[in-house]
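First comes the structure, then the notes that go with it.
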Amino acid sequence: MEKVILVLNAGSSSLKFSVFELPASAEMRPLAIGQVEGLGTAPRFKAKDGEGNTIVERRWTTAEVAGPAQALQEIIALLRSHLEGRVLVGVGHRVVHGGPDYSEPLRIDAAALEKLDALVPLAPLHQPHNLAAIRAVQQARPEMPQVACFDTAFHRTQESIADLYGLPYEYYERGIRRYGFHGLSYEYIAATLPSVAPEIADGRVVVAHLGSGASMCAIHDGRSVGSSMGFTALDGLMMGTRPGNMDPGIVLYLLQQEGLSAKQIEDLLYKRSGLLGLSGIGNDMRVLLASEAPRARLAIELFVYRISRELGALAAVLGGLDALVFTAGIGENSARIRQLVCEKARWLGIELDAAANDQGGPRISRPESRTSAWVVPTNEELMIARHTRQLLSL
Ligand code: AMP
């Protein structure tokens with residue numbers, strides 16, 4: 001009977017999933033992909049098959065589907081009916097935090113789960129949801145092997161100087177370090193470069209993961225040496241609803257002078273800032289690019305400015321730059337943003353090929369460009385499926 005792997009990515013109000021088949025020799029292919037969204041408010045379920053045809057679309061009340069456990073039941077029921085004749089042999093999870101120690105994916109058992117629970121304070125907004133999905137699988141299918149794949153793991157190759165803050169050393173020992181995130185995306189890109197762009201695969205590369213969350217990673221010879229994100233996923237670039245790098249004194253000011261509570265500041269920094277907060281219109285880059293509103297322009301200008309600043313910083317970490325790679329929703333789809341970033345990066349030797357950029361790459365710099373530029377689509381789900389397959393020897 002044909003085997004399949006389920007990949008789960010649990011957020012605060014959604015449970016995203018992909019199902020991969022395991023052919024003996026070829027690369028794994030998705031058989032189904034979808035999500036339960038609106039958990040806690042208006043739960044709805046959408047899934048497509050590998051060809052993009054809708055296989056389920058439905059809505060529930062919160063009484064019918066209250067949380068991730070029921071959402072998972074619905075996903076398993078769909079698998080049973082849609083993937084008839086195939087057997088589920090493992091589940092891989094995106095887990096945001098692996099702390100200072102986990103540089104590899106981890107097979108879940110009781111001891112591992114306890115260690116991941118201890119990391120909840122480092123990522124209180126994400127880690128509990130990731131672990132709830134693991135527990136929901138344990139409840140539904142106690143015998144099912146499960147693997148946790150960490151967004152921080154790829155960055156653990158960085159030298160200790162790169163994850164140190166200038167705080168008293170005891171805080172570093174208590175876990176206040178730069179961890180970096182989007183690691184599964186960067187790992188996928190690093191693994192893909194040898195086939196897509198072999199001439200840069202062992203060089204000095206900055207990857208710009210520009211999605212609704214956005215960060216950049218300096219990669220040398222396929223290993224992470226620096227990242228724009230730090231202790232939390234708030235640092236670095238300006239994002240859809242997060243401000244990115246800012247003076248920590250602003251937080252003190254908001255607390256002490258403006259009288260905001262910690263909860264209000266959390267809400268401001270995670271949900272009301274970035275492209276949304278500046279433009280006053282929204283966090284969808286497509287909408288902002290189509291808008292004539294001055295503050296939409298301003299938001300785009302700052303988005304690009306911060307990318308170019310971070311690019312300079314990461315080029316310094318690498319001691320030079322051989323290539324810039326764009327990925328994720330904005331990086332893969334917006335020729336305009338890539339053009340604006342590349343124009344600001346001319347000083348680093350990037351000469352954009354406008355026609356190649358409009359066509360979406362993969363190479364978008366001119367042949368004579370000293371530093372090359374690329375578009376490489378990311379695939380975090382496939383990275384998780386690969387790890388799960390390898391760790392479980394499937
Ligand atoms: P992700 O988080 O990687 O799924 O990326 C989501 C972001 O990609 C959203 O902010 C979208 O606005 C953006 N996006 C998707 N397609 C385009 C496009 N054609 N042009 C600009 N932004 C896009």
- At 222 nm, what helix-only mean residue ellipticity would the chain give, in deg cm²/dmol to the nearest 500, using -39500 (n - 2.57) for each DSSP H run of four or more? -11000 deg cm²/dmol
- Item | Gyration tensor verdict on region 180-282 (Cα atoms; rounded if a/c is under 1.5, prolate if a/b is larger than b/c, oblate otherwise) | prolate
- Are there GluC sites (Glu not before Pro) in region 286-377 that DSSP puts in a loop and that have at most 12 other Cβ atoms within 10 Å, and which ones? Glu292, Glu368
- Select from Gly34, Leu318, Tyr102 the residue farthest towards the positive end of the dipole of the chain; place +1 on Cβ of Lys and Arg, -1 on Cβ of Asp and Glu, and compute about the Cα centre. Gly34
- Probe 1.4 Å, accessible area per residue of region 207-297, Å²: 48 Å²
- Rounded, prolate or oblate: pick one for the chain, where a ≥ b ≥ c are the square roots of the eigenvalues of its C-alpha gyration tensor, a/c under 1.5 means rounded, and failing that, prolate if a/b is larger than b/c, else oblate. rounded
- Work from the charge dipole of the chain (Cβ charges, +1 for Lys and Arg, -1 for Asp and Glu, about the Cα centre) and give the residue of Phe181, Ser393, Gly280 farthest towards its positive end. Gly280
- Query: Roughly how many whole Å is it from the C-alpha centroid of region 195-227 to that of region 26-42?
  - Reply: 27 Å
- Item | Simple Cβ-charge dipole of region 204-313, Lys/Arg +1 and Asp/Glu -1, about Cα centre, in debye nearest 20 | 160 debye
- Item | Considering only the chain, percent of DSSP beta bridges that pair antiparallel, nearest 5 | 65 percent
- Quote the charge dipole size of the chain about the Cα centre in Debye, to the nearest 20; the model charges only the Cβ of Lys and Arg (+1) and of Asp and Glu (-1). 540 debye
- Query: Using a probe of 1.4 angstrom, how much of the accessible area of region 196-332 is carbon and sulfur, in percent?
  - Reply: 53 percent
- Pairs Lys48/Lys344; Lys3/Lys271; Lys16/Lys115; Lys3/Lys46; Lys48/Lys263: which exceed 32 Å Cα-Cα? Lys48/Lys344; Lys3/Lys271; Lys48/Lys263
- Query: Once you treat every alpha carbon in region 211-342 as an equal point and sum by Debye, what is log10 I(q)/I(0) at q = 0.10, 0.11, 0.21 Å⁻¹?
  - Reply: -0.35, -0.42, -1.26
- Message: Can you bin every Cα-Cα distance in region 7-48 into 5 Å intervals starting at zero and give me the percent of pairs per bin, rounded to whole numbers?
- Response: 6, 23, 24, 18, 12, 8, 5, 3, 1
- Descending accessible area (1.4 Å probe), largest on the left, turns His129, His220 into His220, His129
- Along region 267-274, what does the Karplus equation 6.51 cos²θ - 1.76 cosθ + 1.60 (θ = phi - 60°) give for ³J(HN,Hα), rounded to whole Hz, x for Gly and Pro? 4, 4, 6, 8, 10, 10, 9, x
- With contacts defined as alpha carbon pairs under 8 Å and 6 or more residues apart, what's the relative contact order of the chain in percent? 14 percent
- Query: Rounded to the nearest 0.05, what FRET efficiency do Glu51 and Ala110 have when you use their Cβ-Cβ distance and R0 = 41 Å?
  - Reply: 0.55
- Per the charge dipole of region 52-134 (beta-carbon charges, Lys/Arg positive, Asp/Glu negative, Cα centre), the residue among Leu122, Leu83, Asn53 reaching farthest to the positive end is Asn53
- Nearest-20 debye value, region 269-379 charge dipole, Cβ charges on Lys, Arg, Asp, Glu: 360 debye
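The values are calculated or read from the model by the stated rules, or taken from the named source; none is laboratory data. Being a predicted model, the structure only gives us computed values, none of them experimental. We place every Cβ from the backbone using ideal geometry, glycine too, and count neighbours over all the protein chains shown. Side chains included, ligands, DNA and RNA excluded: accessible areas come from the protein's heavy atoms. Shrake-Rupley method; radii C 1.70, N 1.55, O 1.52, S 1.80 Å.
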